[in-house]
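The values are calculated or read from the model by the stated rules, or taken from the named source; none is laboratory data. From a predicted model like this one, the values you see are computed outputs, not experimental measurements. Positions of Cβ are backbone-derived with ideal geometry, glycine not excepted, and every protein chain shown enters the neighbour counts.
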Amino acid sequence: MASVIAQRGLARRGWRLGRVGRTAALGMLFVALGLLVALPTAFVALQAIFPQLSSVAHPFAAIRSTLTQSDTWPLLGNTLRFGVAVALASIALGVPLGALRGLTRLPAARLWDLLFLAPFLIPPYLAALGWMLLLQPHGYLQQLAGFDLGGYLFSFAGIALTMTLSVFPVVYFAVSRALMSTGGRLAQVARVCGATPWRAFVRITLPLAAPAITASTLLAFTMAIEEFGIPSALGARAGFSLLVTSIEARFSDWPIDLSGAAVLSTLLALTALAAFIAQRRLLAGRDFDTQTGKPVASDPFELGRWRWPVLLLFGAAAFCTTIAPLGAIVATSFVRTLSGGLSVSNLTLAHFAAIASVGEGAGALFTSLGLAAATAVLTGTLGFLAAWIIIKTRTPGRAALDGLTLLPHAMPGIVVGVGLILAWNLPFWPITPYNKWAILLLSYSCLLLPYPVRYASAALRQIGGSLEAAARVHGATEARVLWRIVLPLVAPPLAASMMIVFAVASRELVTSLLLSPSGVQTASVFIWQQFEQGSIGDGMAMGTLMLEISGAVLALASLWTRRLDVLP
């Protein structure tokens, strides 16, 4: 009896210590996320309201002056027009391909999925450079076919199409997976009851996929208005500017306009936030349920005489999405000069040798890999602790913590970069990461924190509380339970998310351009600068190496998540 009382006393004492530990952990997380997420966001808003952060004089003057400038509303209109055009084009391309993938027995289906996953591997700015090499005057297309499409590429339609080819896979995969889960069985029932194939598709199949279509379209819109690389690479020659490129110009071109950049950043962030909220509400509040008793597998439709037309359609989409830009990138990394063409005598490994040797290229590569590894460790640690507090505890304040971890989803990279500059380039800080490599670590971590939080949260929801309760009954502290039980169970998906963070951070462009200190260069900045300086072969060689590294890491992450049945 005495031992039972003693165990209960230890359990109560452990519960009290665990509560104190959770509160302390929550406080430390709020401090960390405040530095990563809340601080840059707050300083963007403060700079927009108060032109001089050192005083509160003339509030809202920058907002009035920026909004009354002749180019502000056209910039916003261009941004919205660009996002809507990309979203509609993504529907036009992604919905038919996704429906064919989800409802029919498509030959080599996994190969097409892999080819449509490649745009997530190729950074948009690198894809834009590949298209320039292919379609511009004296590019590969003119060398091979005798004509070029530079006039089309450097236009609004060309920029929108290039962006569409990078983002439409989000619609394709959302639609195909939604239709795979619902299947064509209900449509087949409608056909038996006399409905035509078109009526069955419109009245049954399409409504079941409507939430996935709408949510993925909003995501494509958000990705389009946030992207910097494609509008910057192609828009300058087309005379087409967006909010994101204008924000960067206000920091890089004299005279520097901090307040104007902050106001435009706020406009862009609010636009992206509105699309993100609409997407979240749609996914949370609009679902179709089917009550059909015991699940019955339904065979996909046979293509029959449509087999070859469908394969030609998928082949054309895969060529434009992946093969053409990737081929241009890889080919340029092996040719001595662009004017020499794709002849055997013009092939060389000199560009890779220049990067492998100790110098600017090698330094940029190792800097990117080191920053990516540090970002993966930092976001993995913070993401796991945040997800555990949000999912597994009832600590007050976890809802606010959840909101902070979700905020980077709606924060364009350019806005994060602007916020970090405004926050840390101030004289009153005793220690500042500004103009040091640490500022890049902060920016990458802010942008990519949602990945570990999402993966860890999904894994924690699948873990029951019995193992933790049993360990606590036997005297284990909450910290020991977290270290010896919870973390090993969550480790595989958490590690997979950290691999994704590593792959994405190693190629991030816009915050690297804004924040890279003097003497520190990342791989993405190296590629961008080599292209601007005319050393295109060295830049594309670096791009090829980064694609190989990112592809290997993402393939390993995909393998882990597939084994664990964890969806990204």
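Residues in segment 340-393 that are in a helix (DSSP H, G or I), without any contact (Cβ under 8 Å) to a residue 40 or more places away in the chain and either within 30 Å of VAL31 (Cβ to Cβ) or under 31 Å from the mean Cα position of the chain (by Cα) (or both): ALA356, ALA362, PHE366, GLY370, THR381. Got a number for residues in segment 441-464 being among the small types (Gly, Ala, Ser) and either at pLDDT below 85 or on the phi > 0 side of the Ramachandran plot (or both)? So the count comes out to 3. A single entry from ILE500, ILE527 fulfils the requirement of being under 23 Å from VAL335 (Cβ atoms) and either touching a residue at least 40 places away in the same chain (Cβ under 8 Å) or of a type in the set (Gly, Ala, Ser) (or both): ILE527. On the stretch given as segment 293-307, residues that are surrounded by 10 or more Cβ atoms within 10 Å (Cβ to Cβ) and at pLDDT 85 or above total 2. When LYS392 is tested against (1) at pLDDT below 85; (2) over 28 Å from VAL453 (Cβ atoms); (3) not hydrophobic (A, V, I, L, M, F, W, C), only condition (2) is not met. Against the test of being surrounded by fewer than 19 Cβ atoms within 10 Å (Cβ to Cβ), at pLDDT 90 or above and not assigned by TED's automatic domain parsing to the domain that holds LEU545, the options LEU165, LEU149, LEU141, LEU135 yield a single qualifying residue, LEU149.
Let's see how each residue does on (1) assigned to a helix (DSSP H, G or I); (2) within 21 Å of the chain's Cα centre (by Cα):
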position	(1), (2)
SER497	yes, yes
SER512	yes, yes
PRO517	no, no
VAL520	no, no
PHE531	yes, no
THR544	yes, yes
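Working only within segment 107-129, note down all residues that are over 17 Å from the mean Cα position of the chain (by Cα), surrounded by fewer than 22 Cβ atoms within 10 Å (Cβ to Cβ) and not basic (Lys, Arg). Within segment 107-129, PRO107, ALA108, ALA109, LEU111, TRP112, ASP113, LEU114, LEU115 qualify.
Of the residues that sit in segment 316-339 and are touching a Leu at 6+ places or on another chain (Cβ under 9 Å) and part of a loop (DSSP other than H, G, I, E, B), which one is modelled with the highest pLDDT? This residue is ARG336. Residue pairs whose Cβ atoms lie under 6 Å apart, separated by 6 or more positions or on different chains, with the first residue in segment 99-115 and at negative phi and the second among the small types (Gly, Ala, Ser), are ARG101/SER176; GLY102/SER176; LEU103/GLY184; LEU115/ALA318. Quick one: would you say PHE168 is under 19 Å from ALA236 (Cβ atoms) and in contact (Cβ under 8 Å) with a residue 24 or more places away in the chain? It is false that PHE168 is under 19 Å from ALA236 (Cβ atoms) and in contact (Cβ under 8 Å) with a residue 24 or more places away in the chain. Of the residues making up segment 425-455, those that are within 22 Å of THR245 (Cα to Cα), of a type outside the set (A, V, I, L, M) and in a helix (DSSP H, G or I) are SER443, TYR444, CYS446.
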